[in-house]
Amino acid sequence: MSEQHPQGGEGNAPAPDLDEIEAMCAVATPGPWFVRNLDDSHAMNLLAVSTVADTGRGERWPDFDHGELIAALLVQEPRYVDCADERWDENAAFIAMARDAVPRLVEEVRRLRKLLAATPPGDGRSTETSTFAYRYFSPLGGLAADLTAQYTSPGTDDGFFLQIDRQVRLIPPTGTHSQDVHWLAHGLAAHTAPSRCASSAGATGRGG
């Protein structure tokens, strides 16, 4: 049975079904996967994704095991595997990276959803919610997330909080990992101008 998840994503698209994604990952060939540069029987470059790391020798068929190949991105003779934009290397790198990255991203989304569910409800003070885009990119992949903060006027019962600047403080969700608090604080600090405008007395952000 699929887990319950909030609707809504980019535009009006529904949120991804994490159980379905996880099930697809579970039945696929185990990782890690690697990009292989090989040669076909005519000594033409053959690009593939494999369960075995590239040796650097560019083995020519039949001197490599076809059972090690997950997908072919370019077969030139005869030329029956190709792509019009010629992004063979980029596509191969993406496929190989996704084998390990997708399960990790599913786990991270589940963890963040639990944090959101554990966030205490508002206390009746006036609130204003804003969402800002967090983007992280690396050679191995990346993560894009929309982080939401709920701004309220400061109160005497705010409990533990981090002072972001003179008028803005952050109350992280209960049980938040220290690394996540760091990124929430970093994101809120980059958006303190609209936060200060929410109230002349300042604002308290509850990260989510």
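Lys and Arg at +1, Asp and Glu at -1: add these up for the other residues within a Cβ distance under 10 Å of residue 42 and post the number.
Around residue 42, the charge tally is -2.
If you rank 94, 34 by how much accessible surface each has, with a 1.4 Å probe, what is the order from largest down? Spell out each step's value before the answer.
Working: 94 130, 34 70 Å².
Correct descending sequence by accessible area is 94, 34.
Test of understanding: express the Cα radius of gyration of the range 65-117 as a ratio to 2.2 N^0.38 Å, with N the residue count.
Numbers: Rg = 16.9 Å, N = 53, 2.2 N^0.38 = 9.9 Å.
Scaled against compact globular proteins, the figure is 1.70.
Run the numbers for residue 95 and residue 80: contour at 0.36 nm per residue of separation, minus the present Cα-Cα distance, in nm. Don't skip to the answer; put the middle values down first.
On the way: separation 15, 0.36 × 15 = 5.40 nm, distance 1.94 nm.
Answer, rounded to one decimal: 3.5 nm.
Consider a paramagnetic label point 7 Å from the Cα of residue 57 along Cα→Cβ; state which residues of the range 25-39 have an amide N under 17 Å from it.
36-39
Test of understanding: what is the full-extension gain from residue 22 to residue 118, defined as 0.36 nm times their sequence separation minus their Cα-Cα distance?
Extra length from residue 22 to residue 118 when fully extended: 32.2 nm.
The values are calculated or read from the model by the stated rules, or taken from the named source; none is laboratory data. Bear in mind the structure is a predicted one, so any value in this text is a computation, not a measurement. Here the Cβ is made from the backbone with ideal geometry for all residues, glycine too, and neighbour counts use every protein chain on show. Heads up: the accessible areas ignore ligands, DNA and RNA and are worked out on the full protein's heavy atoms, side chains in. Shrake-Rupley method; radii C 1.70, N 1.55, O 1.52, S 1.80 Å.
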